[in-house]
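The next block holds one structure in the form of structure tokens; read it before the comments.
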Amino acid sequence: MTVASDEHLRRLPKVELHCHIEGASRAATIAELAGANGVELPVDDPADLYKFTSLNQFLDIYGVVCASLQSADDFHRIAYECFEDAAGAGIRYCETFFSPGFVIKLGVPVSTVWEGVSAAVVDARADLDIFCRMVLDFDKPSGPGHALEMAEFAAAQDRDLLIGMGADSVERGVDHTVFADAYAAAGRAGLKRTMHAGEDGPADNIAVAVRDCGCDRIDHGFRLLDDPALTDEIVDRRIPLTVCPTSNLIIKLVPDIESHPFARQRERGVLAMLNSDDPGMMRFSLADEYVTVARAFGYSLEEMEAVSLDGIEASWAPDDEKAALRRRFEAEFDDLRSEYGLEARAA
Ligand code: ADE
Ligand code: ZN
């Protein structure tokens, strides 16, 4: 078993499949945009903005962040900064969420959001060592009509830039079966499908996502192991979970990372990989997450390299891109081991 230093783990090449551009926003950027757009923040010091201890409190602040975003340029800025910060955390490939439901309610059209976000994806691909695709998350509490509208909007965009549709916000009090039609429309348009499910809601929502809504992936899936038959199905069908342990800790789903089901999910054969969820608002990065998880579960370097490679498998990148990413990651693993004076990977 090889034990890696914190710095080594932080520098591992990574994939991220569960990060929200709004939740990735820097407090200073939101303060500046709120000022420019005449939006009053509920705090004097922008650093005080990002304080919450439950999903509902977090989503209230998420609403304040979204109210500060009004023009295509605003969305370009937060998306581009999200990719800059991701590249800094060692992320080489990402599929990243944007959630227009909040700003649509405030009168900003989804086309304005997408104009800024899609331009940021193109710019980041050109400027940074990270390759990004976007996933449009609809807002579950806004209901099935909004979901269908978002599926139709997503269907009309360039699939290489907008690869899939997801769903976020609260689970409690939401009947997840009502989204089946919107997901069917997304599937017919060739969009990949995912859903936040089993985060602060039951494993039943994961079942609805994969059985009724045709989801290819599950975001969080924190409660999956509560349902052994569903777990067997998720393992057999190799449906990935985009797991976010520190985010779950911050909203108090677990008292500490050691109690998080990530390690048990992996032992059970689930394709569970690591993500930051809302790195700006929660004030940590995927590089921090790799260190936290490795220490909490006593993972070796080999295990953390495997977690990183599982991110490639869990992604929706075409097969040739996945193969190229795998080759690149393995070459980087070898270079890092050699730089830190560690034994080479087993052949
Ligand atoms: N939107 C951003 N982060 C979220 C989370 N963790 N759960 C639900 N909706 C979200
Ligand atoms: Zn999320």
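Where a number appears in this text, it was derived from the coordinates with a stated rule and is not lab data. This structure is a prediction, so every number in the text was calculated from the model and none was measured. Reconstructed Cβ throughout: ideal geometry from the backbone, glycine too, with neighbour counts over all protein chains shown.
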Excluding Pro141 itself, calculate the net charge of residues whose Cβ lies under 12 Å from the Cβ of Pro141, where each Lys or Arg counts +1 and each Asp or Glu counts -1.
-1
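Please give the net charge around Gly280, taking every other residue with its beta carbon less than 9 angstrom from that of Gly280, where Lys and Arg add +1 and Asp and Glu add -1.
On the way: positive: Arg26, Arg283; negative: Glu22, Glu81, Asp85, Asp278.
Value of the local net charge: -2.
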Compute the separation of the alpha-carbon centres of the stretch 6-75 and the stretch 152-214 and state it in Å as a whole number.
24 Å
Tell me the net charge near Arg264. Cut-off is 15 Å between Cβ atoms, Arg264 excluded, with +1 for each Lys or Arg and -1 for each Asp or Glu.
-4
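I'm checking a number: the convex hull volume of the Cα atoms of the stretch 6-339, normalised per residue, in Å³. What is it? Please report the intermediate quantities before stating the final value.
Numbers: hull volume 41.6 nm³, N = 334.
Cα-based convex hull of the stretch 6-339, divided per residue, equals 124 Å³.
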For the stretch 132-274, max minus min Cα coordinate along each principal axis, in Å, sorted largest first?
43, 30, 29
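Highest first, please rank the peptides 2-11, 274-283 by the mean number of other Cβ atoms sitting within 10 Å of their residues.
274-283, 2-11
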Among Val43, Val210, Val65, determine the one that fluctuates most according to a GNM of the chain built with springs between C-alpha atoms less than 10 Å apart.
Val43
Tell me the mean residue ellipticity at 222 nm calculated for the chain from its helices only (DSSP H runs of n ≥ 4, each -39500 (n - 2.57), averaged over every residue, nearest 500).
-14500 deg cm²/dmol
Considering only lysines 8 or more places apart in sequence, or on different chains, count the pairs in the stretch 6-339 whose C-alpha atoms sit under 28 Å apart.
12
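Using DSSP to call loops (not H, G, I, E or B), can you name the trypsin sites (Lys or Arg not before Pro) in the stretch 242-275 whose Cβ has at most 16 other Cβ atoms within 10 angstrom?
For trypsin sites (Lys or Arg not before Pro) across the stretch 242-275 that sit outside H, G, I, E and B with at most 16 neighbouring Cβ atoms in 10 Å, the list reads Lys252, Arg268.
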Let me test this: with uniform point scatterers at the alpha carbons of the stretch 55-112, what is the Debye-based log₁₀ I(q)/I(0) at q = 0.12, 0.16, 0.24 1/Å?
-0.34, -0.58, -1.04
